[in-house]
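S.K.: Before I ask anything, let me first share the structure, which is written out below as C-alpha cells.
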Amino acid sequence: METIRQVDEMQLRALALRDTGKRIAFVPTMGYLHEGHLSLVRAARQYADVVVLSIFVNPTQFGVGEDFESYPRNLERDSAMAADAGVDIIFAPETADMYPRNYATTVRVDGITETLCGESRPGHFDGVTTVVSKLFGIVQPHAALFGMKDFQQLAVVRRMTLDLNIPVEIVGMPIVREADGLAMSSRNKYLSSEMRQQALALSDSIHNAIQAAQQGETDVATIMDMVKSRIKGGQDARIDYVEICHDSTLKPITRIDEHSVLLVAVFFGSTRLIDNHYLLAPMD
C-alpha cells in the first residue's frame, strides 16, 4: 500500500491506471476508520482491480460550532487498518491543496438537501457534494462505495452523479453495527459509558418500528410516536428528527410501504448520532 498526499500526483496515478485498463474502486472517508469503513474496502475489491481510500476531514461540510477541530484524526492508525483490509492507495490530501486560495466553486443539489440533516446542518450537503465531486475528479473511480448509515448523503450523491453525468457507479452498502446494535460511527468515541448505553435507544427503537410494520401497522404517526417514546427515555437524549420518508424523494409519507425508510438523528449530550432502516426489511 502507498500513501499519496498531493492532488496532482493522485490524479496522474489514477489516469495512468485507467490507461492500462485497471478499474478503480473508491472509498471516501474522513478517517478514524472502523469496521464500517473496512467493510466497504473489502466489498470494493469485487468492483475493481485497485482500491483507493481517501482520508480527508472536509471543513466545508462542518457548520459553525460543530466538531471540525475535535474530529478524531490518526493517519498512522488508519494506515495500518487500511493496509490490513486490502487498500492499495490511501489519498490523504491537505486542506490547502483541496481548497487553494481563491477557491470559489460549490456544487449544490436542490430538493433533497433541505430536510432531515440538511435542515439541522445548513450548508452541510453543499460541502459533501463539493468535496465528493472533487474527489471523483481526482481519483477517477469506476465505482464508489458509501455506507447506508448516511442514507440522505447516499441519496444526494446519487442525484449529483446522475445530474452531472459523472461516470461513476454509486454503491450503497449496509450499516455495520456493534454487537449491541449501535451503528458504527467515528463519533461513538465521544460518548461516555452512560450515554453509550442510552444511545442503544436508536437501534432498539428502529427494531421495534420494523417489528410493528412487519406485523401490519401502516400508520406512520403511530410508529413515529413509538420511536420517539423509546428515545426520550434517555435523560441525555435530545431528538433532532424522527422521520419516515420515501427512499428516493426523502419526502415524508403517511402510510408504510416497501419504499418507507425510518430516519433518526439524536443528540446524546453534544454528540449527534444518526441511524436508519427500511421498515419492511429485516434488521441489519
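Values quoted throughout were computed directly from the atomic coordinates according to the rules given, and no laboratory measurement underlies them. Just so we're clear, the structure is a prediction, and the values are computed from it rather than from any experiment. Here the Cβ positions follow ideal geometry from the backbone for every residue, glycine too, while neighbour counts run over all protein chains shown.
S.K.: Give the residue from Gly147, Gly216, Val57 lying farthest towards the positive end of the charge dipole for the chain; charges sit on Cβ (+1 for Lys and Arg, -1 for Asp and Glu) and the dipole is referred to the Cα centre.
M.R.: Of Gly147, Gly216, Val57, it is Val57.
S.K.: Among all the lysines, which ones have a C-alpha under 23 Å from Lys251's C-alpha, if same-chain residues fewer than 8 places away are not counted?
M.R.: Of all the lysines, those that pass the test against Lys251 - Cα under 23 Å, at least 8 places apart if same chain - are Lys149, Lys228.
S.K.: Over region 2-173, calculate the relative contact order: mean separation of alpha carbon pairs under 8 Å at least 6 apart, over the residue count, as a percent.
M.R.: Relative contact order, region 2-173: 29 percent.
S.K.: Working only with C-alpha atoms, what are the Rg and Dmax values of region 1-64, expressed in angstrom?
M.R.: 13.3, 44
S.K.: Could I ask something else about it? Among rounded, prolate and oblate, which fits region 2-173 when a ≥ b ≥ c are the square roots of the eigenvalues of its C-alpha gyration tensor, a/c under 1.5 means rounded, and a/b larger than b/c means prolate?
M.R.: Rounded shape, in that the Cα axes give a/c under 1.5.
S.K.: For Lys134, Lys189, which order do you get if you count the other beta carbons within 10 Å of each Cβ and list the fewest first?
M.R.: Placing the least packed residue first, the sequence is Lys189, Lys134.
S.K.: Taking the Cα centre of region 2-173 as the origin and placing charges on Cβ (Lys, Arg +1; Asp, Glu -1), which of Gly21, Asn74, Tyr32 is farthest toward the positive end of the dipole?
M.R.: Gly21
S.K.: In debye to the nearest 20, how big a dipole does region 186-275 give about its Cα centre with +1 on each Lys and Arg Cβ and -1 on each Asp and Glu Cβ?
M.R.: So the magnitude is around 420 debye.
S.K.: Please work out the C-alpha center-to-center distance from region 1-65 to region 184-249 and express it in whole Å.
M.R.: 31 Å
S.K.: Using DSSP, restrict attention to beta bridges with both residues in the chain and report what percent are antiparallel, rounded to the nearest 5.
M.R.: Roughly 50 percent of the DSSP beta bridges within the chain come out antiparallel.
S.K.: Below 18 Å, Cα to Cα, which aspartates and glutamates can Lys22 reach? Residues fewer than 8 away in the same chain don't count.
M.R.: Excluding near neighbours in sequence, the set is Glu2, Glu9, Asp49, Asp88, Glu169.
S.K.: Let me ask something else. Shape of region 116-186 from its Cα gyration tensor (a ≥ b ≥ c, root eigenvalues): rounded if a/c is under 1.5, otherwise prolate when a/b > b/c, or oblate?
M.R.: Note, shape of region 116-186 comes out oblate.
S.K.: With each run of n ≥ 4 DSSP H residues scored as -39500 (n - 2.57), what mean residue ellipticity at 222 nm is computed for the chain after dividing by its residue count and rounding to the nearest 500 deg cm²/dmol?
M.R.: My calculation for the chain gives -11000 deg cm²/dmol from helical runs alone.
S.K.: If you place +1 on the Cβ of every Lys and Arg and -1 on the Cβ of every Asp and Glu, how big does the dipole about the Cα centre of the chain come out, in debye to the nearest 20?
M.R.: That gives a dipole near 240 debye.
S.K.: In the neighborhood of Ile231, defined by Cβ-to-Cβ distances under 10 Å, what is the net charge if each Lys or Arg adds +1 and each Asp or Glu adds -1?
M.R.: Counting the neighbours of Ile231, the net charge comes to +3.
S.K.: Does region 186-275 come out rounded, prolate or oblate by the C-alpha gyration tensor, with a ≥ b ≥ c the root eigenvalues, rounded set by a/c under 1.5 and, if not, prolate when a/b is larger than b/c and oblate if not?
M.R.: It is prolate, given that a/c is not under 1.5 and a/b is the larger ratio.
S.K.: Order these by the 10 Å Cβ neighbour count, fewest first: Ser260, Ser120.
M.R.: Placing the least packed residue first, the sequence is Ser120, Ser260.
S.K.: I need to check one value: relative contact order of region 186-275, counting alpha carbon pairs closer than 8 Å and at least 6 residues apart, in percent.
M.R.: RCO, region 186-275: 30 percent.
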